[in-house]
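One structure is given here, and the rest of the page talks about it.
The values are calculated or read from the model by the stated rules, or taken from the named source; none is laboratory data. Here the structure is a predicted model, which is why all the values come from computation and not from measurement. Cβ atoms come from the backbone with ideal geometry, glycine included; neighbour counts cover every protein chain shown.
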């Protein structure tokens with residue numbers, strides 16, 4: 001529950017209202033996440049959104065791990081992280097419609113296991129560049145992290161992470177359906193994105 005209520009704070013909603021005075025749900029793709037903010041307002045606002053989502057996840061995980069439930073050890077991080085993922089994706093204050101929880105997922109798996117969490121997140125990023133589908137990379141991150149979780153941290157940790165992975169798939173169900181129909185838009189090539197950001201930075 002602590003993770004869930006922390007996750008319900010959607011940083012993109014705050015940055016969108018600050019940047020243009022409108023809800024993140026009413027602009028761009030309507031998704032309250034870093035990618036939408038990046039497309040609309042550029043890297044500065046996207047960075048603020050990303051840092052906010054990472055920060056709220058770190059807060060929930062570390063609070064549960066070291067202050068509230070130290071007896072659970074690392075499991076407290078996973079439980080709080082999955083809760084934050086659900087809060088971000090299904091906030092009670094917006095009819096349980098929220099973001100995709102990609103940054104939240106990367107944050108909590110990193111807190112739980114810095115080496116394997118970073119490895120899975122970097123691998124997911126490369127998969128995005130290779131496939132040019134954000135959803136494929138987002139789905140790959142928790143899926144790849146499942147393997148070391150089951151092998152190194154035990155069954156309970158593995159099944160908690162399995163629940164987190166299932167949540168990620170549920171949050172991307174519309175993108176999955178569009179990809180299966182061949183209707184999902186691809187990202188522009190990485191070089192084109194880099195050139196666009198460079199031009200925007202000079203401007």
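The residue of segment 159-183 that is surrounded by the fewest Cβ atoms within 10 Å (Cβ to Cβ), among those that are within 19 Å of the chain's Cα centre (by Cα) and under 15 Å from residue 132 (Cα atoms), is 176.
Report whether or not residue 47 is touching a helix residue (DSSP H, G or I) at 6+ places or on another chain (Cβ under 8 Å), modelled with pLDDT of 90 or more and either loosely packed, with under 14 Cβ neighbours inside 10 Å or assigned to a helix (DSSP H, G or I) (or both).
no
How many residues does segment 36-68 contain that are farther than 30 Å from residue 186 by Cα and in contact (Cβ under 8 Å) with a residue 24 or more places away in the chain?
The total comes to 9.
Of the residues in segment 139-158, not one is within 26 Å of residue 32 (Cβ to Cβ), at pLDDT 90 or above and surrounded by fewer than 12 Cβ atoms within 10 Å (Cβ to Cβ). Scanning segment 14-26 for residues that are surrounded by fewer than 22 Cβ atoms within 10 Å (Cβ to Cβ) and touching a helix residue (DSSP H, G or I) at 6+ places or on another chain (Cβ under 9 Å) gives 14, 17, 18, 19, 20, 22, 23, 25, 26. Hey, could you check segment 94-118 for residues that are assigned to a helix (DSSP H, G or I), free of Cβ contacts under 8 Å to residues at least 12 places away in the same chain and in contact with a helix residue (DSSP H, G or I) (Cβ under 9 Å, 6 or more places away or on another chain) and say which is nearest to residue 76 (Cα to Cα)? Among those residues, the one meeting the criterion is 110. Here is the figure for segment 1-13: residues that are outside any helix (DSSP H, G or I) and surrounded by 16 or more Cβ atoms within 10 Å (Cβ to Cβ) total 3. Here the condition is being surrounded by fewer than 20 Cβ atoms within 10 Å (Cβ to Cβ), in contact with a helix residue (DSSP H, G or I) (Cβ under 9 Å, 6 or more places away or on another chain) and farther than 21 Å from residue 177 by Cα; of 78, 63, 67, it holds for 63 alone.
Confirm whether residue 29 is over 24 Å from residue 109 (Cα atoms), surrounded by 20 or more Cβ atoms within 10 Å (Cβ to Cβ) and free of Cβ contacts under 8 Å to residues at least 40 places away in the same chain. Spelling it out, it is not the case that residue 29 is over 24 Å from residue 109 (Cα atoms), surrounded by 20 or more Cβ atoms within 10 Å (Cβ to Cβ) and free of Cβ contacts under 8 Å to residues at least 40 places away in the same chain.
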